[in-house]
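One structure is given here, and the rest of the page talks about it.
Every read-out reported here was derived from the displayed coordinates using simple, explicitly stated rules and does not represent laboratory data. Everything numeric in this text was worked out from a predicted model, so none of it was measured. Glycine also receives a Cβ, built like all others from the backbone with ideal geometry; neighbour counts cover every protein chain displayed.
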Amino acid sequence: MGQHQQALECFDRSLAYQPHNALAAFYRLTCLGLMGKIVTHGLQPATRSRLMQNLKTVLGLLKYRLLVLVSLIGVLAFGRGIWVERLKQVLPWVMSGLIIGLVVVDLWRNRSRLGFVWKTYFRSGILAYVRALGILVATLSTYLVAESVAPPFLQWGWANLVFGQPGNILFQPFNLMQLVSPVANPAVAIASDLVALILPTPVWAIALQPLRQSLAQVEWKSLLALGFWLLLVLGIPFWARLEERIFRRGANTWRQIAVRSTQFGLAHLIAGIPILAGLVLIVPGFLFACRYKYVHDRYFKRTQNFYEAQEAGVIASTADHAIYNAILVTLLVVTVLML
């Protein structure tokens, strides 16, 4: 966190000379996010105006890109005609390619840190897997109960406008499985109680494979699924650590934990999941925060070092978070391979 504070001061000096430097404003917001101070700065009058100015500067840079994105979503949602239909058919595959590319690029950038992946999965101890499995059961149980009583509008996500169903766009590459899966039977809906929080939209209604599917087709489907599974499993620890730094670091009181856990769940709506799923994800966010607080408090009591205690808490919650996500992704791949 000391490095983040130094970087923040550097960007503050840069913005003092160039107030409309969008790149410096973006990195300043990123530092505040990693330090867990965005909400605090937004609530305090002394820092709110600068935070709003940073947001305005960044949005000014992105306004044309956002306009293109909103226009594309509008065309897909309300457009009619053969070209719109073709765009709807092509877009999932384009997104799949982009997502695979982004995952590969991210792993390439972290190629010298792959030891962190090994440490997360194999040096965290068996209790980390027990906790992650318990959090998974709690999350899915909560989703099952909530889904049975939730009003229809809570099943909506922005992906509805593009694909007709909500779903996590990160998992769109699993749509490639359909290219090697002949569809002979009517579409059979997959039970959302198990993987609704992570399934890509079109996979929600993949047809069951005919029993006579050829061995070559099975092999190609398995290779695609296992290949993308491996990429995700390798990348998950890095993404989990980033989320823990943003949503858990510095949350040392129960009030802060409640606020950050809510932010954690709702932030996932950006990925296109249903509103209900975003609300349910507050549960694992809270449980990860409890793990962070437990380790942080014990470490601080022993060392009286505030920053090292925060880092110890982040490491502990990152392990639980990464293993939790890895289990979910593995369940998804098993589900896809069984269809």
Could you give the nm distance between label points at Leu43 and Ile270, where each point is 7 Å from its Cα heading toward the beta carbon? 2.1
Can you sort Ile282, Ile82, Ile323, Ile270 from fewest to most other Cβ atoms within 10 Å of each residue's own Cβ? Ile82, Ile270, Ile282, Ile323
Could you sort the peptides 129-135, 310-316 by per-residue average Cβ neighbour count (10 Å cutoff), highest mean leading? 310-316, 129-135
Rounded to the nearest Å, the spacing of the alpha-carbon centers of region 219-246 and region 125-144 is 19
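Taking a quarter of the surface of the Cα convex hull of region 207-339, what do you get in nm²? Display every interim value, and only then the final one.
Values: hull surface 37.4 nm².
Convex hull of Cα atoms, orientation-averaged projection: 9.3 nm².
Got a sec? How would His41, His321, His268 order by Cβ neighbour count within 10 Å, fewest to most? Before the final figure, lay out the partial values.
Working: His41 18, His321 31, His268 21.
If I rank by nearby Cβ atoms, fewest first, I get His41, His268, His321.
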Under 30 Å Cα to Cα from Lys293, which lysines show up? Leave out anything in the same chain fewer than 8 places away. Lys37, Lys119, Lys301
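Would you mind ranking Lys221, Lys301 so that the residue whose beta carbon has the fewest other beta carbons within 10 Å leads the list?
Working: Lys221 21, Lys301 9.
Least crowded to most crowded, the residues run Lys301, Lys221.
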